[in-house]
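The structure appears below as structure tokens.
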């Protein structure tokens, strides 16, 4: 059971499985919101400079990530039709490039990335705390300016796992959802993608599970991205963090469900203290 | 008494502060005016649309007295994209937004009885322009899963042209004020 205390601090994740040596190489936590018309390229540059220059001194321009999808892919089509100045995404990185803020006119994400092989995963509790601070700073900054109404829509937690392997035939040893008995000769590359609605916990959301192996990479990548609706009635910081916690919870349980017991042993799985 | 959807939509936003720089595509004119211009800028319209859509996202469940859900985030996002795409310059009419019980919405520009409507719902998108006499200027009502990007692009171009035409009076007010 997840218990939320004052300011949305998560107290218990005791019933979630944890891994001493998780294969995770990147985690993104963040919020999507209704695009802010006033958060232009100039405003973005000022924002990251005003708020995060000291802690995240390196700034990199990126093309904007596509919007939340709509039925029939119409939104993606409309997004490609834009004729004005295209929206921009900014990365603000720490000096060691392990932490990264991604901000554009409709989302704010905080990423942790494994830069060196021995970099430990700092754990969700730390990322959540850091994101909560960044989100509050963002809310205050936007609230003081005429950029538009900050209306959160979806909280996202994405895990990117990398499992070294020399052959696609090793995949069933790590991924439960593929039948361990299944074999086929001459397999050069494997890609698997599953998108589902998450209705087991409220509020609802969507989850994307993607598996990709190419021999030239020497590893299998397993991505689990969970997006949970934010309570539209308030959109307060605590509501956003509640949805973030739900996304994390479902993401961890999904990872546990789709990977094998033998892989769990290799990664040091235990049942408690995922904080 | 007209319903909200039937009211003229060009007076919804407060007047911008004069003097202001008005750029009408090829012609640049410094518009110094004793009285502020009557029509909103493109930026004003986008901010107004964003505010309205944010409000519809906060509708309570059952807002229609039945099982109506709030505006879904992907439709809110798409509606703002479409308003951005269709509103090509300052001084055009202001859209009105009406929620639908299934989380979709209807966007309507109404000027002097001429009407541009975009409907977004779980079944897809439709775009329609109707002159005040009731004659249809154009219609885009594609099969849900079977239309091309070029068809959507064509419909949006039609909508842009139609909005420019029906906003002539609004535009005139901006340029002559």
The range B:81-148: proportion of alpha-carbon pairs further apart than 16 angstrom, %:
54 percent
Shielding of A:30-43 by other chains, given as the mean Cβ count within 10 Å, works out to 4
Ranked from highest to lowest mean number of other Cβ atoms within 10 Å per residue, what is the order of the peptides A:124-133, A:209-218, B:85-94?
B:85-94, A:124-133, A:209-218
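Taking beta carbons within 10 Å but only from partner chains, what does the mean come to for residues A:55-68?
Numbers: counts 0, 0, 0, 0, 0, 0, 0, 0, 0, 0, 0, 0, 6, 7.
That average works out to 1.
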Footprinting proxy, A:54, B:126, B:41: sorted fewest to most Cβ within 10 Å, the residues are A:54, B:126, B:41
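Rounded to the nearest 0.05, what FRET efficiency is calculated for residue B:136 and residue A:192 with R0 set to 56 Å and r the Cβ-Cβ distance? It would help to have the intermediate numbers written out before the result.
Numbers: r = 47 Å, r/R0 = 0.84.
Approximately 0.75, to the nearest 0.05.
Rule-based calculations on the coordinates, nothing more; no lab input. Every value quoted in this text rests on a predicted model; they were computed, and no experiment measured them. Counting neighbours? That spans all protein chains shown, and the Cβs are built from the backbone with ideal geometry, glycine included.
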